[in-house]
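Worksheet for the structure shown next.
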Amino acid sequence: MFVFIAAGDEEHISNLELHHAMNIESACGTPPYTNFTKGFRETLDYIFIDTDRLEVTKVVPLPSHEDVTANIALPSIVFPSDHLALICDVKFKV
């Protein structure tokens with residue numbers, strides 16, 4: 001499958017169906033972006049959890065847009081990566 005994706009064979013990619021038995025969702029939601037560079041901003045990072053087995057107890061808020069853009073883009077003197085850290089606490093359901 002990697003060969004089709006790497007070669008950009010869209011016919012194979014559009015016909016690809018993946019299935020799993022887990023009930024997953026993003027533990028930190030879907031922020032406006034997790035990657036913010038000079039010419040690109042997008043949500044690229046997620047923490048997926050199986051909601052049948054885990055529950056989120058705490059999510060650390062992302063920095064404000066003003067804080068992220070104070071030094072134009074990421075990385076910066078304040079944020080050492082071009083990705084924002086997603087941080088959450090989860091616990092097993094009993």
Restricting to region 56-85, give me the number of residues that are surrounded by 13 or more Cβ atoms within 10 Å (Cβ to Cβ) and either acidic (Asp, Glu) or in contact with a strand residue (DSSP E or B) (Cβ under 8 Å, 6 or more places away or on another chain) (or both). 9
Out of all the residues in region 69-94, which are under 16 Å from Cys28 (Cβ atoms) and among the hydrophobic types (A, V, I, L, M, F, W, C)? Leu84, Ala85, Leu86, Ile87, Cys88, Val90
Scanning region 14-44 residue by residue, those surrounded by 13 or more Cβ atoms within 10 Å (Cβ to Cβ) and either of a type in the set (Phe, Trp, Tyr) or within 22 Å of Ala70 (Cα to Cα) (or both) turn out to be Pro31, Tyr33, Thr34, Asn35, Phe36, Thr37, Arg41, Thr43
Mind listing whichever residues of region 55-94 are among the aromatic types (Phe, Trp, Tyr) and in a loop (DSSP other than H, G, I, E, B)? Phe79
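The numbers here are math on the coordinates, done by the rules we state, and not lab data. For clarity, every value in this text was computed on a predicted model and none was experimentally measured. Reconstructed Cβ throughout: ideal geometry from the backbone, glycine too, with neighbour counts over all protein chains shown.
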